[in-house]
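Asker: Structure in structure tokens, see below.
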Amino acid sequence: MAFASDKNAYGISDRSGFRYRLREMRREWTGALVGPDEFEPKHPQLEPPKAGPDPQALRNPRPDRKEPFKVYVGVPTIMAPKLERPRAVARVGTVEVTTS
């Protein structure tokens with residue numbers, strides 16, 4: 001069976017029903033055959049992004065080693081101007097209150 005392919009071949013738009021030259025018609029991603037002024041490309045949001053591989057666990061992991069460091073706490077004086085000021089004060093323990 002032969003199909004029409006001449007410059008005078010016409011097709012009917014699946015969207016509007018208007019007549020267009022068959023060689024000017026375009027097929028959409030939905031499969032509809034539409035005229036050139038009705039064509040809408042597929043929106044990028046319709047294609048979900050490809051998910052990468054899940055992170056893999058390490059066998060026998062070790063935390064990062066932190067080297068010991070010194071923090072000198074005190075009020076800077078003329079003799080030791082590079083002492084750092086206290087950043088926090090904390091105490092651990094219990095308080096017992098007795099009244100007589």
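Asker: Might you report the magnitude of the Cβ-based charge dipole of the stretch 1-40 about its Cα centre, with Lys and Arg at +1 and Asp and Glu at -1, to the nearest 20 debye? Numbers along the way, then the final one.
Answerer: On the way: 7 positive and 7 negative charges, 37 e Å.
Result for the stretch 1-40 is approximately 180 debye, rounded to the nearest 20.
Asker: Of the peptides 22-29, 45-52, 93-100, 6-13, how do they stack up when ordered by the mean number of other Cβ atoms within 10 Å, highest first? Walk me through the numbers before you get to the answer.
Answerer: Details: 22-29: 13.9, 45-52: 6.6, 93-100: 4.0, 6-13: 11.8.
Highest to lowest by the protection proxy: 22-29, 6-13, 45-52, 93-100.
Asker: Compute the Kirkwood hydrodynamic radius of the stretch 1-40, taking the inverse of the mean of 1/r over all pairs of distinct Cα atoms, and give it in Å to one decimal.
Answerer: 10.4
Just so you know, all these numbers are worked out from the coordinates, no wet-lab data involved. These numbers come from a predicted model, not from an experiment. FYI the Cβ positions are ideal-geometry reconstructions off the backbone, even for glycines, and counts take in every protein chain you see.
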